[in-house]
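Step one of this worksheet: look at the structure below.
Each value in this text was obtained by applying a stated rule to the coordinates, not by laboratory testing. None of the values given here were measured: they were computed from a predicted structure. Here the Cβ positions follow ideal geometry from the backbone for every residue, glycine too, while neighbour counts run over all protein chains shown.
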């Protein structure tokens, strides 16, 4: 009952109760009216959530209910900024601890209910690892090393159907060539997990080291040599051999512990030793040859050897082998860009070879000639460039 003009009353159940208003004036006259009141059912906001871990998806499941009508709208607030209007949303955060989650539900009759819970967000592990070597061959051991954070346990999946131990450092041997997906699953005692995957190629190794450039400088009576080398193979190169030859004679050999990763840029190596040269008879050209990458034979020897002139004038530097039986290589230097005419004279003075090259750049060059059909004897090799002629002798045997 209420005796005020505009009372409020809270109904605990939905329905259509009769509300009666009785009035009386100052003369004692009375009147009344009765009308039904429509009381809609209030919803009850409720929800559950999955295990809450940092940096992981936290799934929320709406379990709100209403005894009459239906819930048509959901409004979520996660923390202080993230919102959603989905019935069953998800949320993620990188902050651990208690996070407030508010759900407001609205029915088709306009009734609403609000619920706020504090969920405990647990710290997740952070899965990460590295491997050595990055590329392996069949039968070679590969070490996988976890660098994960906050992990209590580990599960390794090698990608070939095998799994590893629960240790943070494991080793595995692949038997076949393939690209393997290696997965590390890290687990924490609170139930949170994290997963990461890296690719590991298993290949037939093809070591190939290339010499891209050769340089030298004279320091007193010594020659200092450097070479630009490049990893042209399909595996990392940790060491190799470099050999310097002057005028076709091997002069210096060094073991080079220079790391050349796969797909890396070229690197310059300066020989630790200098070569003593004659002041009266300095070398005219030098060559550098790379070999034995990682102690193995190089799969492509065509890019292992490079020569460069020390001589600055147009000159035939060398003809080798001399004497020749099947083939001879003529090495020469060009003072400037231009064409070269090659003539070969047999022992009687007859020209048996007369060729002109395409335009050649300044510097060191070589031409191969086939001597297998020549008769035994002494031949003259003539090179002409810009009206300058150089002649060297070649013995055929």
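Treat the range 59-153 as a sphere of radius equal to its Kirkwood radius over Cα pairs and apply Stokes-Einstein at 25 °C in a medium of 0.890 mPa s; give the translational diffusion coefficient in µm²/s, rounded to a whole number.
143 µm²/s
Over the chain, calculate the relative contact order: mean separation of alpha carbon pairs under 8 Å at least 6 apart, over the residue count, as a percent.
Values: 947 pairs, mean separation 32.5, N = 397.
Reported as a whole number, the value is 8 percent.
Report the normalised scattering of the range 261-397 as log10 I(q)/I(0) at q = 0.11 Å⁻¹, calculated by the Debye formula with identical scatterers on the alpha carbons.
With one equal scatterer per Cα and no solvent, log10 I(q)/I(0) is -0.53.
Of all the Cα-Cα pairs you can form in the range 162-233, what percent are over 16 Å apart?
72 percent
In angstroms, what radius of gyration and Dmax does the range 1-109 have, counting Cα atoms only?
Both quantities, over Cα of the range 1-109: 22.5, 76 Å.
Just for the range 1-91, what percent of DSSP beta bridges are antiparallel, to the closest 5?
Antiparallel bridges: around 100 percent, rounded to the nearest 5.
With a 10 Å Cβ neighbour count serving as the proxy for reagent exposure, in which order, fewest first, do 297, 153 appear? Could you put the intermediate results ahead of the total?
Working: 297 9, 153 14.
Ordered by Cβ neighbours within 10 Å, fewest first: 297, 153.
Mind pulling up the Rg/Rh value for the range 194-290? Radius of gyration and Kirkwood radius, both on Cα.
Answer for the range 194-290: 1.15.
Packing-wise, with mean Cβ within 10 Å as the measure, how do 195-206, 368-379, 45-56 rank, highest first? Walk me through the numbers on the way to the answer.
Details: 195-206: 15.1, 368-379: 13.5, 45-56: 17.7.
The densest-packed peptide leads the list: 45-56, 195-206, 368-379.
Please give the peptides 31-38, 165-172, 353-360, 102-109 ranked by average Cβ packing (other Cβ atoms within 10 Å per residue), highest first, as a rough proxy for protection.
In descending order of packing, they fall as 102-109, 165-172, 353-360, 31-38.
Among 274, 112, rank each residue by its count of other Cβ atoms within 10 Å, from fewest to most, as a rough exposure measure.
Fewest-to-most Cβ neighbours within 10 Å comes out as 112, 274.
For percent of Cα pairs over 34 Å apart, the listed values are [x] 44; [y] 39; [z] 64; which was obtained by calculation from the structure presented?
Of the listed options [x] 44; [y] 39; [z] 64, [z] comes from this structure.
Which order do peptides 240-253, 79-92, 282-295 fall in by mean Cβ count within 10 Å, highest first? Present the calculation step by step, with values, prior to reporting the outcome.
Working: 240-253: 17.7, 79-92: 13.1, 282-295: 20.1.
Answer by packing, highest mean first, reads 282-295, 240-253, 79-92.
So how compact is the range 293-372: Cα radius of gyration and Dmax in angstrom?
15.4, 52
Sort out for me the Cα centre separation of the range 87-133 from the range 142-218, rounded to whole Å.
Here the answer is 33 Å between Cα centres.
Using alpha-carbon pairs under 8 Å, 6+ residues apart, how would you state the relative contact order of the range 56-177 in percent?
Contact order relative to length: 18 percent.
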